[in-house]
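Peer 1: Here's a structure for you.
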Amino acid sequence: MPIATGDKIPDEKVMVVTKEGFEPAQTGELLGKGKVVLFGLPGAFTPTCSDHHLPGFVLRADELTAKGVDTIACVAVNDAFVMKAWGQTQDVGDKVTLIADGNGDFTRAMDLVFDGSGFGLGSRSQRYAAIIEDGIITTLNVESKPGLDVSSAETILAAL
């Protein structure tokens, strides 16, 4: 059963993109303190993810921070090398923490796996956005169809 509002964020090992490259982290620690906006997407360098989803959060980072958000994080079932390169091409800087869920362990623990095998993508993350307060999910918006609506930066800003 997919994770839901009121649930604790799973604690899985992931890789986080840093200025120096990337380093291992536990999602319980990374996402478990303060107010966090986490958004998941099918993949780095894919059209909607690169043209709209990630850029929306980068553009609205200051507005999110002004509403009390301590961390804005993006997770995808991609390796850390891909996430680092994507962050550079998207000019993310330190506005959004990029999380590489290379094995999909965090995405499976969230039970938000998207089967993209029909498109040659394999198992990926569904598109979603969550507000997490001290490790507890207070808002979870999962897209029910292709495209970007309930998981956009604008929708999350309105929910804060």
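Read the figures in this text as sums done on the coordinates, not as results from a lab. Predicted model, so just to flag it, every value in this text is computed and none were measured. With ideal geometry, Cβ positions are generated from the backbone for all residues, glycine too; neighbour counts draw on all protein chains shown.
Peer 1: Taking amide H positions as placed 1.01 Å from N in the peptide plane, with prolines and chain starts having none, which residues 5 or more places from Thr139, or on another chain, fall under 5 Å of its amide H?
Peer 2: Ile131
Peer 1: Starting at the first residue of region 91-97, write each ³J(HN,Hα) from the Karplus equation 6.51 cos²θ - 1.76 cosθ + 1.60 with θ = phi - 60°, in whole Hz, x for Gly and Pro.
Peer 2: Working through the residues one at a time gives 6, 6, x, 9, 6, 10, 7 Hz.
Peer 1: Dipole magnitude of region 13-159 about its Cα centre, charges +1 at Lys/Arg Cβ and -1 at Asp/Glu Cβ only, in debye to the nearest 20?
Peer 2: 100
Peer 1: Then there's this: Using the Cα centre as the reference, give the magnitude of the dipole from point charges on the C-beta atoms of region 1-64 (Lys, Arg: +1; Asp, Glu: -1; all else neutral), rounded to the nearest 20 debye.
Peer 2: Using Cβ point charges on Lys, Arg, Asp and Glu, region 1-64 gives about 100 debye.
Peer 1: Next question, about the same structure. Over the chain, calculate the relative contact order: mean separation of alpha carbon pairs under 8 Å at least 6 apart, over the residue count, as a percent.
Peer 2: Relative contact order for the chain comes out at 32 percent.
Peer 1: Taking the Cβ of Asp101 as the centre, find all other residues whose Cβ is under 12 Å away and add up their charges (Lys, Arg: +1; Asp, Glu: -1).
Peer 2: 0
Peer 1: I would also like to ask the following. Please report the net charge: other residues with Cβ closer than 12 Å to the Cβ of Arg124, K and R +1, D and E -1.
Peer 2: 0
Peer 1: Amide H of Ser125 versus every other amide H placed in the peptide plane: which residues, excluding those fewer than 5 positions away on the same chain, fall under 5 Å?
Peer 2: Correct list: Val77, Phe114.
Peer 1: Which residues does the label zone of Ile136 cover in region 34-76, counting backbone N under 20 Å from a point 7 Å along Cα→Cβ?
Peer 2: Residues passing the 20 Å test: 34-38, 68-71.
Peer 1: Long-range amide H contacts for Val69: which residues qualify at under 5 Å (H placed 1.01 Å from N, peptide plane, sequence gap of 5 or more or a different chain)?
Peer 2: For Val69, no residues qualify.
Peer 1: Go through Ala76, Gly21, Ile9 and say which Cα lies farthest out towards the positive end of the charge dipole of the chain; charges sit on Cβ, +1 for Lys and Arg, -1 for Asp and Glu.
Peer 2: Of Ala76, Gly21, Ile9, it is Ala76.
Peer 1: Let me ask something else. Restricting to the chain, compute how many DSSP beta bridges are antiparallel as a %, nearest 5.
Peer 2: Here the antiparallel bridges make up roughly 70 percent for the chain.
Peer 1: Of the listed pairs Lys84/Lys145; Lys13/Lys67; Lys8/Lys67; Lys13/Lys35, which have alpha-carbon separations greater than 26 Å here?
Peer 2: Lys84/Lys145; Lys13/Lys67
Peer 1: Also, quick follow-up: Tell me, what ³J(HN,Hα) does each residue in region 31-45 have, in order and in whole Hz, if you take phi through Karplus 6.51 cos²θ - 1.76 cosθ + 1.60 with θ = phi - 60° and put x for Gly and Pro?
Peer 2: Using θ = phi - 60°, the values come out as 10, x, 10, x, 9, 10, 9, 10, 10, x, 8, x, x, 4, 6 Hz.
Peer 1: Continuing with this model, one more query. Among residues other than Glu143 whose Cβ falls under 12 Å from its Cβ, what is the net charge (Lys/Arg +1, Asp/Glu -1)? Show your work: numbers first, answer last.
Peer 2: Numbers: positive: Arg127, Lys145; negative: Asp149.
Result for the neighbourhood of Glu143: +1.
Peer 1: Starting at the first residue of region 46-51, write each ³J(HN,Hα) from the Karplus equation 6.51 cos²θ - 1.76 cosθ + 1.60 with θ = phi - 60°, in whole Hz, x for Gly and Pro.
Peer 2: Karplus-based 3J(HN,Hα) across region 46-51 equals 7, x, 5, 5, 7, 8 Hz.
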